[in-house]
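Everything on this sheet refers to the single structure shown next.
The values are calculated or read from the model by the stated rules, or taken from the named source; none is laboratory data. Just so you know, these numbers come straight off a predicted model, no measurement behind them. When we count neighbours, we look across all protein chains shown, and the Cβ atoms used for this are built from the backbone with ideal geometry, even at glycine.
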């Protein structure tokens, strides 16, 4: 798409070198009161701010419109950048509860052993394009059941979906859910691990 965020002094004209900038006492201590600013220092300082236009141009190349105004629109576009907080790499082992509240903003992988007759898993804080994985284990008694409710997403949110689990004692099932770009939820059929 496009951007109006442009780099300052892209040719690095009349700018301090990296070594000069690193050792410059004004850069280290700040600009003195009522003193002129050397143009080579100012050029280097402003050139260092080009990370913003560089990110904007990279986002524009991926189809986004990135402009400096309105600021709220700029924040929305920058929200498409992924960080480790968005990747949901972590997992956790959950203690069984008849009504199990699962917050998906922290983890994407969940491991629970069913030790009671039924487990109603209520999933909250999901995001578009998030993939959730569940390892659901039967205890030595077996015959346990589980339902899932995925809250706070789009038109096809899962509600009281009964997960078809293998009920043999000590059976292990893997189950996944994928949240689409429009918030729709797609549930995969569990597979039994042998």
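Below, the figures for the structure above:
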item	result
Hey, residue 181 exposed (fewer than 12 other Cβ atoms within 10 Å of the Cβ) and modelled with pLDDT under 90 or not	yes
Looking only at region 19-33, and only at residues there that are surrounded by 10 or more Cβ atoms within 10 Å (Cβ to Cβ) and closer than 12 Å to residue 45 by Cα, the one that is modelled with the lowest pLDDT	31
Filter result for residue 77 (surrounded by 16 or more Cβ atoms within 10 Å (Cβ to Cβ) and at pLDDT 80 or above)	yes
Close pairs (6 angstrom Cβ cut-off, 6 or more residues apart or separate chains): closer than 21 Å to residue 61 by Cα in region 6-26, not in a helix (DSSP H, G or I) anywhere	7/50
